[in-house]
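Below: one structure, written as structure tokens.
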Amino acid sequence: MIECIFTIDYELYGNGEGSLKELVYEPARRLKMLFDEAGAKFVVFVEVAEFEKIERYRADSCIGSVKDQIREFHEQGFELGLHLHPQWCNARFQKGKWVLDYTEYNLCPLPKERISQIVKDSLFYLRNILGEPNFTPLSFRAGNWLFQPTSTVSDVLVENGFKVDSSVFKGGLQHQHNLDYRPASRNGYHWTFRDDAAIADPAGTMLEIPIYTQPVPFWRMFTGKRMGLQQKSSSGPRPLKQRFYRCVDLMRWFHPLKFDFCRMTLAELISMTEQAIWEARQDGTACQPMVAIGHTKDLVDFETVRAFLAYLKNREIRVTVFEDLYHRYGMRSGYKPDEFTSRHHQEAGAK
């Protein structure tokens, strides 16, 4: 059974450029209106490290409104997840520009003590926003999807009460950062893991519910809408090293197309969903979550979102969040995926 989980990375551009009102607050406000109309919820992955620095340096007067909006999401039943770009943790605001610490771009290779400090500081700030000293998000998403090497950071997250990660996208490959999610293509729709988020481990301590992808020929990655948003988000030409690695990443016939409701057209979103429906019927697995990803900074085409929500309703596809899925199906550390199928069949038989 397909269920759709919309997730939005609630953040500015990666280099800190742009205004909170235009790139975070207003897009999220309009998205919430669409979901309120549809009677649905989404997951807000809050990039608290950047917000903490913006507030500390008084770099954007809209930070108060952003904090109010985060509280509003929480109070009205939208799930809050933690999203971290650790290069913000040592950031400085100088002469009107952000100076980020790119030595900490990937959280995972850092010493455990540093990872723990970053996670604890982020939780402390988020709890202060909400006024709930014991609040801990269920879900986590790594900045730039960098969740390898996994072992240490997953241990820290579990120690701090996290249950679910949604950083992996099947087929993902980034040579520059030694990210390789291709082994995840052998996994099911969700799995527990321990040492590597891309490798299923029945004894794992965290649950991976990956961003949904489908492999497509490389030329399908270059649509007008996608390239336009990419150009809009770029503040200038990429460094030569970064462009080189990007070319290396693209040197394969098939690429993972993320289920991105901001960068895909309505036709693409529907086509991907119809393919997933067909695969679900062939597979027979009871629970097939399709995690859709978006970014507030990319959110400009609201009519496509509205139309896609209407399509999902017409196809009777549930729109849900990680917390609902986790508790409804009893997901937990050490679960066996086939338990979902048997439980679903038992519940259906009892009705």
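The values are calculated or read from the model by the stated rules, or taken from the named source; none is laboratory data. What you see is a predicted model, and the numbers here were worked out from it, not measured in a lab. Note that we place each Cβ from the backbone using ideal geometry, even for glycine, and neighbour counts take in every protein chain shown.
Within segment 111-122, how many residues are without any contact (Cβ under 8 Å) to a residue 60 or more places away in the chain and either within 21 Å of the chain's Cα centre (by Cα) or within 27 Å of residue 79 (Cβ to Cβ) (or both)?
Residues flagged as without any contact (Cβ under 8 Å) to a residue 60 or more places away in the chain and either within 21 Å of the chain's Cα centre (by Cα) or within 27 Å of residue 79 (Cβ to Cβ) (or both) within segment 111-122 amount to 5.
Please indicate, with yes or no, whether at least one residue in segment 267-283 is assigned to a loop (DSSP other than H, G, I, E, B) and either modelled with pLDDT under 95 or within 19 Å of residue 35 (Cα to Cα) (or both). No, segment 267-283 contains no residue that is assigned to a loop (DSSP other than H, G, I, E, B) and either modelled with pLDDT under 95 or within 19 Å of residue 35 (Cα to Cα) (or both). Can you confirm whether residue 140 is in contact with a helix residue (DSSP H, G or I) (Cβ under 6 Å, 6 or more places away or on another chain) and not in a loop (DSSP other than H, G, I, E, B)? Answer is yes for this residue. For segment 154-170, the candidate set comprises residues that are surrounded by 22 or more Cβ atoms within 10 Å (Cβ to Cβ) and of a type outside the set (A, V, I, L, M, F, W, C); within that set, the residue that is farthest from residue 7 (Cα to Cα) is 154. Taking residues in segment 8-27 that are polar (S, T, N, Q), and partners anywhere that are crowded, with 17+ Cβ neighbours inside 10 Å, the pairs with Cβ atoms closer than 9 Å and at least 6 places apart or on different chains are 15/98; 15/100; 19/12; 19/25; 19/60; 19/62. In segment 15-67, the qualifying residues are those that are of a type in the set (A, V, I, L, M, F, W, C) and not in a helix (DSSP H, G or I), and the one that is nearest to residue 313 (Cα to Cα) is 40. Exactly one residue among 127, 194 is modelled with pLDDT under 95 and of a type in the set (D, E, K, R), and that residue is 194.
Residue 319 - would you say it is among the β-branched types (Val, Ile, Thr), modelled with pLDDT of 95 or more, under 22 Å from the mean Cα position of the chain (by Cα) and not in a helix (DSSP H, G or I)? So residue 319 fits the description; yes.
On the stretch given as segment 18-29, residues that are loosely packed, with under 15 Cβ neighbours inside 10 Å and over 15 Å from residue 46 (Cα atoms) total 2.
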